[in-house]
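I have placed the structure first, in the form of C-alpha cells, so that the comments after it can refer back to it.
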Amino acid sequence: MNDSELKKTFGIKIKIYREKLGLSQENLSEQLGITQRQVSMIERGLSFPKLSTLNKLLQIFDCTILDLFDNDYLQSESAIKEKINKIMDSCNLKQLQLLYLIAKNM
C-alpha cells in the first residue's frame with residue numbers, strides 16, 4: 001500500500017468513527033484543537049494528522065491504533081464479502097445509506 005492509499009483508507013475510517021459518534025467535522029476539530037479544514041483534509045486522504053492529534057483521535061473514538069490501521073480488507077474476496085455482510089447486518093438505515101454512497105462513488 002502506498003502513502004496515498006494509506007491516507008485515503010485512514011481518512012475513511014476517521015469519517016466513519018466521527019459520524020458514528022454523531023460529530024460534525026467542526027465538533028471534532030474543536031476537540032482535537034485543529035481546524036475544520038484540517039479534519040476535512042484528513043478525511044479525504046489529503047493529509048495525515050500529527051502524532052498528538054492521532055493520540056487525541058484514539059481517546060475521542062475510544063479505539064486503538066490497530067482499529068484505525070486495520071488492513072483486514074487485504075484478505076481474500078470471500079473473506080472480505082463475509083465481513084462486509086456482518087458489518088451491514090449491524091448497521092442502521094443511515095449507516096447503510098452512507099455505505100451505499102461510499103460504494104457507489106468508488
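Quick look at the values:
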| quantity | calculated |
| --- | --- |
| Residue match in the stretch 26-40 (condition: farther than 16 Å from Lys7 by Cβ, in the same structural domain as Glu5 (by TED's automatic domain parsing) and of a type in the set (Asp, Glu)) | yes |
| When residues of the stretch 59-81 are limited to those that are at pLDDT 85 or above and surrounded by 12 or more Cβ atoms within 10 Å (Cβ to Cβ), the one farthest from Leu6 (Cα to Cα) | Ile60 |
| Helices (runs of 4 or more DSSP H) wholly inside the chain containing at least 1 residues that are more than 15 Å from the chain's Cα centre (by Cα) | 3-20, 25-32, 36-43, 51-61, 77-89, 93-104 |
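The values are calculated or read from the model by the stated rules, or taken from the named source; none is laboratory data. Here the structure is a predicted model, which is why all the values come from computation and not from measurement. Reconstructed Cβ throughout: ideal geometry from the backbone, glycine too, with neighbour counts over all protein chains shown.
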